[in-house]
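Computed from the coordinates by the stated procedures, all read-outs in this text should not be read as laboratory data. All of these numbers come straight from a predicted model, not from anything done at the bench. Using ideal geometry, Cβ is built from the backbone for each residue, glycine included, and neighbour counts are taken over all protein chains shown.
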Amino acid sequence: MSKTFWRTGLLCAGLALSCAQALALDKVRFNLAWLPQGSTGGVLVAAAKGFYSEAGIELQTQRGYGGQRTVNEIDQGLFEFGYGDPISVMLNRASGGKTVMVGAINTVWPAALCFLESPKKKISKLADLKGLSIGGGAASPLQNIVPAWLAANGLPASHVKLLRLDPSVINPSFLEGKIDLAECWEGANKPLLDALVQREGKTLGALRYRDFNLNIYGNGIVTSERLINSNPDLVKRFVRATYRGYEYMRQNPAEAVDLIAASNKLMAKPILLAQIKETLAIISDPGADNKATGYIRADRMHGTIEFAKQAFQVTTAVRGGEVYTNRFIVD
């Protein structure tokens, strides 16, 4: 045998525990659903602080391309976990998929319709949106959610003008006044849009969906039924390490900014901090009876699924117990 082999063997013999831990790490791929940002900050912080390594996990994060695609890629086995929403999970299961939400991060729907504030036209209620144009991607859930949301408030789909735009031109079109409203997301593009608007000497306003009869869950941790059945211990370790990351981010938001920005040099720290603060404001559910972070309420998930069925005209039977589980949430 070679000298290198014996040296390696002696090294591992002297550091038996460290070698065993290194060999035992489970490789996990996480889909961020978009670029690194505050909404997935808990995952990024947990990775930077070594929480996943301590849980026996070697984590690889990768940018994503939207919630629905993220969930479908988890179902296809391209990722073990991802940042996904229950509507995408429901749609995936309605098409024969087997994804499951195993913890909430956005305990409310984090989206809003953003607009440029103007003394000439005040926007504070849905009636004020009459005749205004909204820009959204062709495949954006906005195209289905807005009409269903208007209907839930007794208004016709024609109350607003829904436009299908290339996602890359939505922000420029909004800033140039070519569209009246743009969908913005707390913990994601809302702080970015706010910064862009401020550079123009203007003020960003927002009408949040949840303030007008949209009582549904937003994004959380999604995995596959296959992984839950084959390796429930891995799911438990991943979920716990992730919420440990969000808790650390809650207690140390400024440090969290530095930790995330260290691996993402192009990120603007003030925008990242605003994203983190918005995420932390909606990760806890006051109505969850003091359950642990991530706990999903059956009543609200039922409402989420029923709204999604109407919005996306789903006729396939999908039950709440199939879409989510609290099995891995620590009390």
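Would you mind calculating the relative contact order of the chain from Cα pairs under 8 angstrom and at least 6 residues apart, reporting the percent as a whole number? Reported relative contact order: 28 percent. In this rough spin-label picture, where each label sits 7 Å from Cα along the Cβ direction, the Asn231-Arg199 distance is 4.2 nm. Just to confirm my numbers, what's the Cα centroid distance between the stretch 182-199 and the stretch 299-330 in Å? Between the Cα centre of the stretch 182-199 and that of the stretch 299-330, the gap is 29 Å.
In plain terms, the residue of Thr304, Thr107 with the fewest other Cβ atoms within 10 Å comes first and the most crowded comes last, giving Thr107, Thr304. Highest mobility in the GNM of the chain, judged by mean-square fluctuation with C-alpha springs under 10 Å and restricted to Ala152, Ala195, Ala317, is found for Ala317. Between Leu132 and Asn213, residue separation times 0.36 nm minus the direct Cα-Cα distance comes to 27.2 nm. Residues Trp149, Trp34, arranged from fewest to most other Cβ atoms within 10 angstrom of their Cβ, appear as Trp34, Trp149. Counting beta carbons within 10 Å around each of Val318, Val43 and listing the fewest first gives the order Val318, Val43. Within the chain, antiparallel bridges make up roughly 50 percent of the DSSP beta bridges whose residues both belong there. Counting charges near Phe238 (Lys, Arg +1; Asp, Glu -1) among other residues having Cβ under 14 Å from its Cβ returns a value of +2.
Past 28 Å, Cα to Cα: identify those pairs from Lys236/Lys291; Lys122/Lys190; Lys98/Lys190; Lys161/Lys202; Lys125/Lys309; Lys98/Lys269, in the order given.
Violating the 28 Å limit, Cα to Cα: Lys98/Lys190; Lys98/Lys269.
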